[in-house]
Amino acid sequence: DGAREKAHGHWTGAAQAQAKAGDLSGAADSFGRAMRLNPLNTEVMRGFLDCCLKLDNPAPALEQLKQSLDAAPDNLDLREMLGKAQLAAGDPESAFKTFLIVISMDESRFESFVDIARVFADRKQYDQAISCLDKIVPTLISRRETGRARQLYESILQNRPDHVATMERLASIHS
């Protein structure tokens, strides 16, 4: 009734209290209501996504994130959350595309590519795992943080010692 900001604050406060009390379902509902009032509030969206992930139901957060990104397509925080929700929903291919947009706009947000690569490796989709790492290895090298990529390459080789592309990438990192 014309008091959107006040209502948003109340729904947000209720959601935070419910989450703290362990009522994740109630918190997700309250966060969802707050998001409908202000779909660009990244902190509320982060709480909503967290509740949905803990409930093992990323669908409501995915839907809200898509709506929020329609209103603010350049919001990297929302886009990064979308990728995490896609990954949690079992769609690493979409998450890969989403995170590709994120790192094209800000290469310092490369962390999620390691998670996607790990998911692909766990699924024994080694070429896709390598493709993920290929996008971030230059950043890891410049930051002197190649250890995580090296570990993932080594774990792929433990499962598939004859994977030539992995051997080449691992040799490249060592050189």
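The values are calculated or read from the model by the stated rules, or taken from the named source; none is laboratory data. These numbers come from a predicted model, not from an experiment. Counting neighbours? That spans all protein chains shown, and the Cβs are built from the backbone with ideal geometry, glycine included. Accessible surface is based on the protein model in full, side chains and every heavy atom, while ligands, DNA and RNA are left aside. Shrake-Rupley method; radii C 1.70, N 1.55, O 1.52, S 1.80 Å.
Tabulated results
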| read-out | value |
| --- | --- |
| Residues that are among the basic types (K, R), more than 19 Å from F99 (Cβ to Cβ) and modelled with pLDDT under 90, drawn from segment 119-149 | R144 |
| Segment 150-172, residues that are β-branched (V, I, T), within 25 Å of K97 (Cβ to Cβ) and free of Cβ contacts under 8 Å to residues at least 40 places away in the same chain | I156 |
| Failed condition for P39, given (1) at pLDDT 95 or above; (2) open to solvent by less than 50 Å² (accessible area, probe 1.4 Å) | (1) |
| Subset of segment 21-36 [among the polar types (S, T, N, Q) and surrounded by 18 or more Cβ atoms within 10 Å (Cβ to Cβ)] | S30 |
| Long-range neighbours under 7 Å by Cβ, at least six apart or interchain, first residue within 24 Å of F113 (Cβ to Cβ) within segment 53-82, second of a type in the set (S, T, Y) | D77/T42; L78/T42; L78/S68; R79/T98; E80/S112; L82/T98 |
| Filter pass, T12 being of a type in the set (V, I, T), open to solvent by less than 70 Å² (accessible area, probe 1.4 Å) and at pLDDT below 95 | yes |
| Residue check, L49 within 25 Å of Q128 (Cα to Cα) and surrounded by 22 or more Cβ atoms within 10 Å (Cβ to Cβ) | no |
